[in-house]
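**Q** This is the structure, below, for whatever I ask next.
The values are calculated or read from the model by the stated rules, or taken from the named source; none is laboratory data. All of these numbers come straight from a predicted model, not from anything done at the bench. Here the Cβ positions follow ideal geometry from the backbone for every residue, glycine too, while neighbour counts run over all protein chains shown.
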Amino acid sequence: MKIVAGVDIGGTYTKVGLIDKQGNSHANCSFSTKDYPNIDDYLDTLKNEIFTLVENLPEKAELIGIGIGAPNASSRNGSIENAPNLAWKGSVPIVSKLQAQVNLPVKIMNDASAAALGEMLFGSAKGMTDFIAITLGTGLGGGVVANGQLIDGFDGFAGELGHIDIMKGDGRITGLNVKGGLEAYASATGLKRTVMHMLAKHMDDSELRSIAYNDLHGSTITQLAEKGDPIAIKSFKYTGKILGAALANFVAFSQPQAIFLMGGLVKSGHWILSPTKKYLEKNLLQVYKGKVQLLESGLTDKNPAIMGGAALIWNDLK
């Protein structure tokens, strides 16, 4: 059996999965990214975790490559560049460093773009030639597929949709210091910030008034919305309104057949999906109305970034 190690490098945790050609996951693990401020120590741990997973498989397997999804990753340069949520600053040549240790093909890509590739190979975008993948996690990432090809960009940084200014130079600041950037509103973090805004703006009774910002989670906001909490409901509607309008703008540059939503915020279900779909359709140009599907990822029960990382290797072997 041949397998690929898919790696999702997050600001808090790194997650690893062993993925076969059909997209089946055979083993997985995670470890703290923050425990390794030195990149060489981090890569030693990553290599050891991968090979331990392979050695412990019940069936003999051949590891044929390592694919990595990471924030601020350049597929062209094989590096992570100034990622705001990672300890390694500047340009980190992660591919060349890891390749020297494992003597295997190693590829890296922006995590959201990798997730789009994973959706195309293993998820609900099979057979589609034009779609956009939006990751709604701590931030917001985008991956764009047009005419059957992932749009990678001149330097490998295409798809930074979370840092597009939607507030005309005013408003909240994103992780890359963009004023009014989309991810500051449409993400798990953005939803929390919106709750604080709604608590200040409205006088409704709400259980959210007794929860500190650092103790607030998307799952809690969803649970309270289910119970009819007015601030939670207002927060989801506001988030969906902004996200839907932004997605309508994105449709104009590639006319996707579908937009796939993935990531932790999507677990809120209809609370985020319904207002987003409403305002997407409302803001579309007439020529696009009724033509763009808004769908949940087909990889919801898996880690899209892990699947996307693995897809970087398997895509070259199609």
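**Q** Any idea which of Gln101, Gln149 is in contact with a helix residue (DSSP H, G or I) (Cβ under 9 Å, 6 or more places away or on another chain), farther than 15 Å from Ala305 by Cα and not hydroxyl-bearing (Ser, Thr, Tyr)?
**A** The conditions single out Gln101.
**Q** Taking segment 95-119, which residues are touching a Phe, Trp or Tyr at 6+ places or on another chain (Cβ under 9 Å) and surrounded by fewer than 24 Cβ atoms within 10 Å (Cβ to Cβ)?
**A** Residue satisfying the conditions is Val102 alone.
**Q** Report, by residue number, each residue of segment 212-242 that is part of a loop (DSSP other than H, G, I, E, B), of a type in the set (A, V, I, L, M, F, W, C) and in contact with a Leu (Cβ under 9 Å, 6 or more places away or on another chain).
**A** Selection gives Leu216 alone.
**Q** Determine if segment 73-93 includes at least one residue that is farther than 24 Å from Asn315 by Cβ and touching a helix residue (DSSP H, G or I) at 6+ places or on another chain (Cβ under 9 Å).
**A** Yes: one or more hits.
**Q** Quickly run through segment 272-318 and pick out the residues that are of a type in the set (Val, Ile, Thr), surrounded by 20 or more Cβ atoms within 10 Å (Cβ to Cβ) and either in the same structural domain as Lys241 (by TED's automatic domain parsing) or not in a helix (DSSP H, G or I) (or both).
**A** Ile272, Thr276, Val292 - these are the residues of segment 272-318 that are of a type in the set (Val, Ile, Thr), surrounded by 20 or more Cβ atoms within 10 Å (Cβ to Cβ) and either in the same structural domain as Lys241 (by TED's automatic domain parsing) or not in a helix (DSSP H, G or I) (or both).
So that you can scan it fast, the table gives a plain yes or no per residue for (1) touching a residue at least 12 places away in the same chain (Cβ under 8 Å); (2) in contact with a helix residue (DSSP H, G or I) (Cβ under 6 Å, 6 or more places away or on another chain); (3) over 22 Å from Gly190 (Cβ atoms):
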{"position": "Leu243", "(1), (2), (3)": "yes, yes, no"}
{"position": "Met262", "(1), (2), (3)": "yes, yes, no"}
{"position": "Trp271", "(1), (2), (3)": "yes, yes, no"}
{"position": "Ser274", "(1), (2), (3)": "yes, no, no"}
{"position": "Gln286", "(1), (2), (3)": "no, no, yes"}
{"position": "Lys302", "(1), (2), (3)": "yes, no, yes"}
{"position": "Ile306", "(1), (2), (3)": "yes, no, yes"}
